[in-house]
Structure formats: structure tokens, C-alpha cells
Amino acid sequence: SKKAFIFDLDGVIVDTAKYHFLAWQKLAQELGIEFTPEHNEELKGVSRVRSLDIILELGGIQASQEDKNKWLIQKNEDYLSYLVDIDENEILPGVLPVLHYLKDKNQLIALGSASKNARPILEKTGIINLFDAIVDGNDVTNAKPDPEVFLQAAKKLNVTNENSIVFEDSVAGIQAANIANMTSIGIGEATTLHEAKYIFEDFTFIDVSFIESLIY
Ligand code: B16
Ligand code: MG
């Protein structure tokens, strides 16, 4: 049978969180807000607009919509400057073998990401052609834990939710997959991602027999 394997982007396929951090930190500094790597954890899987709100709340800053829009553009331009030179080396360890194995087994692969920059990242890392469907921040109105992004992906692939498997590094993403009755696989720390059906520290811990067990 054909299953849909839906991958989150940041924290699962690539570690763009480090670039998001640098760009948010630059903006925070300009606004006189202290922004640490610990704070950045709270922004994982969260939309760009919500991320700015969290940072402004951190600094106790109330801003006009005009200022917010300006800062969102500024942050994204800065973020994109870090992506200029990325290539396949940006793909996290163990991910490519899993993607290729799924292709070999004729399984369906989708992206389910909150990022509006997902397509250029998949292009630059040379894996966009492995995806049968892409759903990203440009397609959805409701952020995770709302399951919209994963529901759209399964629908595009014509696969039922029960036959869909989601790889996620954020708690909100795991919750979204669970709400959709999909199989949730957490990538990261077991304590943080305990709501996931399965948890792996990273893709190097995922072996062929586990993937087989998901397919059949
Ligand atoms: P952008 P994911 C998310 O990607 C990131 O984890 C999150 O930190 C970011 O704010 C969000 O994308 C929006 O990204 O500013 O590029 O539209 O984990 O859902 O793949
Ligand atoms: Mg993520």
C-alpha cells in the first residue's frame, strides 16, 4: 500500500533554526531586547508573525502594525542573506537515505512546513524533486497545532490521514499530527516530544526495518 510520508522542514530536514536565530537576534538587539538561544526554542515551528509578537512581548514593547510589518521584512531579508550559500550539506544527517529509501519503495513524500521560504530551501539543497507535494506557510491560514498543513498535504497526495506519517521536531507539530489521526514521529528530545507515537534523536537512529514497519 502507498503511505504518505510528510516531513516538516526546519529541525527535521535542515537546521535553519540557527539562521532564524541570528536574524531575530539582530532585530531584537536593534530594539534593545535580550534574545537568547533559549528564547529561540520557543520560536521553532511558530509562524513569522507570531515569532515577532513573542519577541516584542519579551521586551514589553507595543508596536504599530506599520513598524511590525517593517521589522518582519527586515528579519526575512536578513534571514535570506544566510541562505544565499546553502547547498546539500545543509541537509541533516540520515535524512537523505530515508528520502531515497521511500522513493525506492514507491512511497509518497510531502513537505508540511510553516515556512514561507520552504521552496527555495528545497531547491538549494537539491531535494525538491523528491517531493510529490509541498504545503508551506504560503498555503495555510492556521498554524500548528492546527492540523491544516498536514491535512492539505495528505489531501494533495490522495492518502487518508490514517495512512499518513508525520516527521516533526516541534511539540505543536506533533500535536497537529495527532489531532489529524496521523502517525506522529518526533525528531529530537524524548522529554520534549513525549506526545509523539515514536521519537528519535535524529534520522541516523531510524533504520530500514522501522521504515518498513510503517509501510506494511
Ligand atoms: P519563515 P518549520 C518554521 O519552519 C520554523 O521552525 C519557524 O522558526 C519559522 O518562524 C517558521 O517556519 C516560518 O518561517 O519566516 O521562513 O516563513 O519547522 O515549520 O519547517
Ligand atoms: Mg520544525
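Miscellaneous remarks
- Residues in the range 153-184 that are free of Cβ contacts under 8 Å to residues at least 24 places away in the same chain and either within 11 Å of ligand 1 (Cβ to nearest atom) or not β-branched (Val, Ile, Thr) (or both): 7 in all.
- Pairs linking a residue in the range 1-19 that is modelled with pLDDT under 95 to a residue that is near ligand 2 (Cβ under 9 Å from one of its atoms) and part of a strand (DSSP E or B), with Cβ atoms under 7 Å and 6 or more positions apart or on different chains, are ALA17/ASP10.
- Residue match in the range 75-93 (condition: touching a residue at least 24 places away in the same chain (Cβ under 8 Å), within 16 Å of ligand 1 (Cβ to nearest atom), in a loop (DSSP other than H, G, I, E, B) and under 19 Å from the mean Cα position of the chain (by Cα)): yes
- Being within 12 Å of ligand 1 (Cβ to nearest atom), acidic (Asp, Glu) and either at pLDDT 95 or above or surrounded by fewer than 19 Cβ atoms within 10 Å (Cβ to Cβ) (or both) is a property that GLU201 lacks.
- Residue within the range 64-73 that is of a type outside the set (Asp, Glu), in contact with a Phe, Trp or Tyr (Cβ under 7 Å, 6 or more places away or on another chain) and not in a strand (DSSP E or B) present: no
- The range 179-211: number of residues that are within 15 Å of GLY11 (Cβ to Cβ) and charged (D, E, K, R): 3
- Any chance ILE61 is of a type in the set (Val, Ile, Thr) and under 22 Å from THR125 (Cα atoms): no
- Residue ID - nearest to PHE203 (Cα to Cα), chosen from residues in the range 100-122 that are more than 11 Å from ligand 1 (Cβ to nearest atom) and free of Cβ contacts under 8 Å to residues at least 40 places away in the same chain: HIS100
- Residue list for the range 25-52, filter: in a loop (DSSP other than H, G, I, E, B) and among the charged types (D, E, K, R): GLU34, GLU42, LYS44
- First in the range 23-52 and under 16 Å from ASP136 (Cα atoms) and within 13 Å of ligand 1 (Cβ to nearest atom), second anywhere and in a helix (DSSP H, G or I) and β-branched (Val, Ile, Thr), Cβ under 8 Å, 6 or more apart: GLY45/VAL171; VAL46/ILE54
The values are calculated or read from the model by the stated rules, or taken from the named source; none is laboratory data. Note that the structure is predicted; figures quoted are calculated from it, not measured. Cβ sites come from the backbone with ideal geometry, for glycine too, and all protein chains shown count toward neighbours.
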